[in-house]
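The values are calculated or read from the model by the stated rules, or taken from the named source; none is laboratory data. In this text the structure is predicted, and so the values were computed from the model without any measurement. Counting neighbours? That spans all protein chains shown, and the Cβs are built from the backbone with ideal geometry, glycine included. For accessibility, only protein heavy atoms count, side chains too; no ligands or nucleic acids. Shrake-Rupley method; radii C 1.70, N 1.55, O 1.52, S 1.80 Å.
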2 protein chains.
Amino acid sequence: MLSSLADVVGSKHVLTDPDVLAARSIDHTGRYRGRASALVRPGSADEVAGVLRICRDAGAFVTVQGGRTSLVAGAVPEHDDVLLSTERLSAISEVDTVERRVTTGAGVSLAAVQTAALSAGLVFGVDLSARDTATVGGMASTNAGGLRTVRYGNMGEQVVGLEVALPDGSVLRRHSRVRSDNTGYDMASLFVGAEGTLGVITELDLRLHPIPAHRVTAVCGFDSLDLLVAAGRMFAEVDGIAALELVDGRAAALSHEHLGFPPPVAGDWLLLVELAADHDQTERLAELLDDAQLCGEPAVGVDAAAQQRLWRVRESLAEVLGVYGPPLKFDVSLPLSAICEFASRSADLARRQVRDSLPLLFGHIGEGNLHLNVLRFPVEREADLYAEMMELIAGCGGNVSSEHGVGTRKRPYLSMSREAADIAAMRTVKAALDPTGYLNAAVLFSPSP
Amino acid sequence: MLSSLADVVGSKHVLTDPDVLAARSIDHTGRYRGRASALVRPGSADEVAGVLRICRDAGAFVTVQGGRTSLVAGAVPEHDDVLLSTERLSAISEVDTVERRVTTGAGVSLAAVQTAALSAGLVFGVDLSARDTATVGGMASTNAGGLRTVRYGNMGEQVVGLEVALPDGSVLRRHSRVRSDNTGYDMASLFVGAEGTLGVITELDLRLHPIPAHRVTAVCGFDSLDLLVAAGRMFAEVDGIAALELVDGRAAALSHEHLGFPPPVAGDWLLLVELAADHDQTERLAELLDDAQLCGEPAVGVDAAAQQRLWRVRESLAEVLGVYGPPLKFDVSLPLSAICEFASRSADLARRQVRDSLPLLFGHIGEGNLHLNVLRFPVEREADLYAEMMELIAGCGGNVSSEHGVGTRKRPYLSMSREAADIAAMRTVKAALDPTGYLNAAVLFSPSP
C-alpha cells in the first residue's frame, strides 16, 4: 500500500518515521493516544481522492488531520490508520471583491484567510483563538464558531462552495458563483460539521464581508449572572452587534494576578459588547447600556488601542486558564433561560467531586454557547465529572457540543443530544457514502455494538 | 391498501373521488397532469409515517402536497400515486418570545405564521406573494426565498428544528432548544430543499425576529440596468437593508395601464429599497441614494401608508403579468456581474422565437435572484425557449433554479447546475433513505435511464 500511496503523492510525502507518527497520534492534551501506520501529504483534490481509493481498497483506516487543534480528540487515529494531512492544500486565490469571496485549500490557516481578506479591504466572518494553527478545512468540518458568530454565524455560514473527496475516491465539486441556489440537496451543509466522516474537504469558497467603518467596544460588570444574561439577550438582537462575550469575574481576577492585566471594570460577571456598522454606534451603545443593569460604569473603547486593551480581558483567557495545569474543558450550548441554572449546578458538581476545584465560565452568550473550564481538577478523576456534566447539560435542555464537535471525546454522549431515529438516519447516510466505514472511524459515532 | 390507510388516518381522510383526484393531479398552470389513486390526509407525524410504511410495502408511489403553489410542477403525481396532503398538520404553538420561535405543523400557511408572529410582537423572516396558500412545510422543502431574503435569508435559515417522517416509516425529531449545535450531521439542512424526496416534513420550529422599530422605503428610477445593479450591489451590504427589489419599468407601465397604479418614479428600471432597524434610517438612506446614479428624484416613504403605496409597484406584478394570459416564468440565479448580459440576451432569445413576445424582468437583486416572465408567448412553443433559456443561464454562470426548486419542470436541466459526482452523491443519499424510490419520485431527478 505504501508504494501505491507514494505513486500518488510522491515518496517524500509518505512518512513512516515512528517519532513523527507518534507525535501525530496524540491529541494536544496528551490524553488521547492512537497509532498510525503512515502520514501522507497529498497536494491536490485528485491526490486526496487517490489516497482514499488506495486505503479503502487495502482495508486501511484513514484519519484526516488539519491543524489538530480539536478540543474533543477529533483527529486521533484509532486503528493503525493512515494519517491524511491537508497541509499541502495551502493555496489561496485572489480575493473576488465583487462577489466578496476567496477560494482556499483546506489546509490554509484561519489567520492566512483573515490576512488575505484584510488586504482586499474585507473581513472574514469567523475568528477564534487558535487562528494561527486551525485550518479552514478542519473548521468547516467541525462547523467552528468563535468570537464573531453573533454577527456572521458559524463557519458553515461562510462556506459558499466546496470541493470534497468522497470515500469512494470521486471528487464532488460545487463552486457555484451565485448567492441563491435551490437545485437539489444542500450537500455542502452535509459535509460541514460531519467531522470528516463523509468525505475530505479539499477546497472551500469562503464568503467575505465589508469591514464595518465604525466600531465601539465596552466591557460591563454585573452583580449577577442573570442580570448579565438579560442584557445579553437584549444585545443579541441589536442591529450591528459584533461580539457578545461573557467572562467570569474570577477569570478576570486570575488574569490580573498572573498576567498583570487588571480587569477594565469591577463585577462578578463581565460582558464584552461590541457594535460595528457603517455609521457611528457610540451613542446607540450608550443608550443600550443605560437599559442594562450594570453594577458600575462600563469601560468604553472607541479607538483601536483602547479596544485592544478591552479585548484582553477575553483574549487572555486562553493563557490564564492553564495556570494550574490543563483545565477540564466543556463546550456546551444552552437555552438562554437555562444558563444561570447550569452555572450554579455545574459549579456544585465540580466542587462536590473536588472541593478545591475552580469552575470558570466564559463564552459566546449571544448563542448560549458557553465554555466551562474546571481548573485544579485532577486528570485522573475527570472521567466521572465528564459523564455527570453531560447529564446536567442534557437535563438543562442543552446540547453536549456547541462549537467544538463530538470527536472521540464526546461520542459516548451523542445520544443525549440526538434521538435514536436521528442517529439512525445519520448512520444511514454514513453507510451510504462510506460503506466500509474506513474514513475518520474514531469520531462522532460510537463503534457499533 | 386503501383500507389499511383508512385504519391509520380514519376513513373520511382517504378520498378517492375521481374529480377530487383529478383536480389535485394537475399543477396550477394546467400544463402538468398526472394521476392519483387516493388522497390521504394524515393528522400527525405518526400517521404520516404509517401512511408511508403502508404505501412503501404496497409498492405505491407517494406524492406530498402542501399548498400546491409550486411554479415548477413540484407536486404533480406521475405514477398513479397516493397523494399525501399536509393540510391537517395545521397546529401552531404559542410563540416563545424568549427564544423567539414558534412550532408549526407543515400544513400551516405562511400568512398564519406571519400573523402569529406579529401578535407576539415579532416578525417571521420570509415573505412571498403566495403567502395565503403556500405552506411552511412546502416552503421548507423547497427552501423558498422571497422579498426578505436579503435581510433574513431563505426559509432554511428560519428552520431551527424539524420533525420528519422518513421513507422507512420512522420519525426523526430534532426539536433543539439551543441556538448553537454541533453534534453530528446537519440533517435538517438535508431535508430543507430536498423537495420531499428524502422524507415528509411534518413539523417545524421556526425562528422569529424582533420587529424593526424604524422603516424607510424608497423607489428609485435608473436609465440603465447596469447602473441599477451597481446600486443594488452597494445596498445589498448595507446594515439594515430590508428589501431590494428590481422592477422592469415596462412592467410598472403595465400596472399603470391595466390596474391604474402609476409608477412612483420614472425610469427604464426601478429599484425598491427598504432599510429597517431599531433606530431611524431616513438620513442614512438619503446619503446612500446620493451615491447611486438615479435618473431622477427617488420616491421615499417614511410612514406605513406611503410605504404600502410604494410596494404596490412590486406587489402588483403577480396580477399584472397575467394580463396577456399565463406568462412563461423563469426563476434564475445569476452572479451579479452577469445580470446585464443575461437581461439582454434572454430578451433577444424570446423575441427571436416570438417577435411580439414581451420579456419582463423583476426579482430579488440582492441575491442575484431574478424572475424572467415572458408575456405573449404561446404555450405550445414554450418547450424550445425553455431549453435555450436554461443553456443561456448556465452559460452566464448562473443557476437554473434560484428559489422555486427543480420540481418536475426543471429536472432535465439539473446537470447544468450540478456536476456528475455531485448528482451521484445526491442519488446515493436518496437511495440510502428511500431504497425503492417511492417518495416524490416525479421531482428533482430524471428517471434513471
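Summary of computed values
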quantity	calculated
Search result, residues across region A:377-404 that are within 16 Å of A:V354 (Cβ to Cβ), of a type in the set (D, E) and either at pLDDT 90 or above or under 19 Å from the mean Cα position of the chain (by Cα) (or both)	A:E388
Residue among A:V150, A:V192, A:V102 that alone is under 20 Å from the mean Cα position of the chain (by Cα), surrounded by 22 or more Cβ atoms within 10 Å (Cβ to Cβ), at pLDDT 95 or above and not acidic (D, E)	A:V192
Elements of type strands (runs of 3 or more DSSP E) contained in region A:141-228, each with 2 or more residues being within 30 Å of B:G146 (Cβ to Cβ) and within 7 Å of chain B (Cβ to nearest Cβ)	A:171-174
Odd one out for B:E403, checked against (1) in contact with a Ser or Thr (Cβ under 8 Å, 6 or more places away or on another chain); (2) open to solvent by 10 Å² or more (accessible area, probe 1.4 Å); (3) among the acidic types (D, E); (4) more than 7 Å from chain A (Cβ to nearest Cβ)	(4)
Among residues of region B:290-349, those that are assigned to a helix (DSSP H, G or I), within 14 Å of another protein chain (Cβ to nearest Cβ) and polar (S, T, N, Q), counted	1
Options A:A236, A:A242, A:A252; residue that is within 21 Å of A:D303 (Cα to Cα), open to solvent by less than 40 Å² (accessible area, probe 1.4 Å) and among the small types (G, A, S)	A:A242
In region B:243-284, the residues that are acidic (D, E), farther than 19 Å from B:I365 by Cβ and touching a residue at least 12 places away in the same chain (Cβ under 8 Å)	B:D278, B:D280
Residue within region B:350-372 that is among the hydroxyl-bearing types (S, T, Y), assigned to a loop (DSSP other than H, G, I, E, B) and open to solvent by 40 Å² or more (accessible area, probe 1.4 Å) present	no
Hits in region A:298-319 - residues which are crowded, with 20+ Cβ neighbours inside 10 Å and farther than 29 Å from A:E283 by Cα	A:L317
Enumeration of residues in region A:116-144 that are surrounded by 18 or more Cβ atoms within 10 Å (Cβ to Cβ) and at positive phi	A:N143
Near pairs, Cβ below 9 angstrom, 6+ apart or cross-chain, from region A:285-305 (in contact (Cβ under 8 Å) with a residue 24 or more places away in the chain and charged (D, E, K, R)) to any residue that is open to solvent by less than 80 Å² (accessible area, probe 1.4 Å) and assigned to a helix (DSSP H, G or I)	A:D291/A:A231; A:D291/A:M234
Odd one out for B:P263, checked against (1) out of contact with any Cys (no Cβ under 6 Å at 6 or more places or on another chain); (2) open to solvent by 10 Å² or more (accessible area, probe 1.4 Å); (3) in a helix (DSSP H, G or I)	(3)
Extreme residue, farthest from the other protein chains (Cβ to nearest Cβ), among residues of region A:421-449 that are open to solvent by 50 Å² or more (accessible area, probe 1.4 Å) and modelled with pLDDT under 95	A:P449
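Conditions (1) in a loop (DSSP other than H, G, I, E, B); (2) closer than 27 Å to A:S446 by Cβ; (3) modelled with pLDDT of 95 or more; (4) open to solvent by 20 Å² or more (accessible area, probe 1.4 Å), marked per residue:
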residue	(1), (2), (3), (4)
A:P42	yes, no, yes, no
A:D46	no, no, yes, yes
A:G50	no, no, yes, no
A:D57	no, yes, yes, yes
A:A73	yes, yes, no, no
A:H79	yes, yes, no, yes
